[in-house]
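Report on the structure given below.
The values are calculated or read from the model by the stated rules, or taken from the named source; none is laboratory data. These figures come from a predicted structure and were not determined experimentally. Positions of Cβ are generated from backbone atoms using ideal geometry, with glycine treated the same way; all protein chains shown enter the neighbour counts. These accessible areas exclude ligands, DNA and RNA; they are computed on the full protein's heavy atoms, side chains included. Shrake-Rupley method; radii C 1.70, N 1.55, O 1.52, S 1.80 Å.
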Amino acid sequence: MKNKHNQKEEKAQKDTGEEEDQKQDFYTTLNLPKDASPSDIRNAYKALVRRWHPDKNPPSLREEAEAKFKAITQAYEALNDKDNQNMFGLRQGSKREDPSLTISFSTSSSSSGSYSRHRSADSASRRPTTSNSTSSFSYTILRKKPPPIEKRLDCSLEELCFGCVKKIMITRDVVSTNGRAIVKEQELLRIKVKPGWKKGTKITFEGMGDEKPGSLPADIIFSIAEKHHPLFKREGNDLVLAVEIPLVKALTGCTLSIPLLGGEKTNCVFDEVIHPGYEKVIHGQGMPNTREKGGRGDLHIKFRISFPTKLSEEQRSGIVELLQSS
């Protein structure tokens, strides 16, 4: 009888030791001490899932991110589950937010990880479930997203006509991995400006703004602004170019070298009289039309006629005679 009693005590001690080791592993996974409160566990968990969510990591780190994400979620569920609170010595009566946003992660032996978002009014009843081929975990968060951060993105007419890639280095606030401090983080954003974009076009980077404890990261919205051009003015999909010519050329005709957006030039011959309000249109030399593949607007050439400021009496008489006879 004594031997059986000793065996039971040894088994109980062994089970207790295993539970303590498992408990310590869960706290270690969340980078927490053993006496961490439910609030500490929740804050650490939120910070870690943001850091290791597979969708927020590059493909080269995806396998590591999936493993860490699963371990973090499993540790949080074990420490936060009401059925396990007695086992791990947590305070009773802690409540989860409800209704909430539940993000689920699942892996299967025959497929890669998948991620989904859905609303749940009964997320507190969800627990980790396992089978031979599939493991699924869920966690619950209730965080608000602050207003977006709006920034201006200046682009030249050439960049908006032919397209370009803009690289912007930003510095943002992020919550540290322990969830207790705000640290500065630099991020390089790439914006592919498409031909034909106009002033006011908006580009949104979701979740790339400042982050605060208990809140979702803000979005960053870039708004296209057109830089002033020394030659051209944009009007919709068309461009307007103002050319100044002397009165004598306006009256007698001329050949002009007309600049085009992008640096090229084209020669235009004017045989007719260039009068006030006269306009020359070069088709297909405006801005790209985003609604018509390969289409472009027109270049409108408007003229400013330069008049002489002084005339001799002989010149005046000659002009009067010329204009009267015409």
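Residues whose amide H falls under 5 Å from that of residue 243, counting only those 5 or more places apart or on a different chain, are 302, 303, 304, with hydrogens built in the peptide plane. Note on residue 208 and residue 267: their simple-model spin labels are 4.8 nm apart, each label 7 Å out from Cα toward Cβ. Share of Cα-Cα pairs in region 159-198 beyond 13 Å, in percent? The proportion of pairs with Cα distances above 13 Å equals 63 percent.
Take the Cα of residue 319, go 7 Å toward its beta carbon, and the backbone nitrogen atoms of region 238-272 under 18 Å from that spot belong to 245-253. Computing FRET efficiency as 1/(1 + (r/R0)^6) for residue 309 and residue 191, where r is the C-beta to C-beta distance and R0 is 56 Å, gives about 0.70.
Which chymotrypsin sites (Phe, Trp or Tyr not before Pro) does region 229-294 hold that lie in a coil by DSSP with at most 14 other beta carbons within 10 Å? Intermediate results must be reported in sequence, preceding the final value.
Working: sites: 232, 270, 278; in loops: 278.
Loop-located and lightly packed - 278.
Sort 311, 48 by accessible area with a 1.4 Å probe, largest first.
311, 48
When a/c is below 1.5 the answer is rounded, else prolate if a/b is larger than b/c, else oblate, so apply that to region 163-304 with a ≥ b ≥ c taken from the square roots of the Cα gyration tensor eigenvalues. Prolate shape, in that a/c is at least 1.5 and a/b is the bigger ratio.
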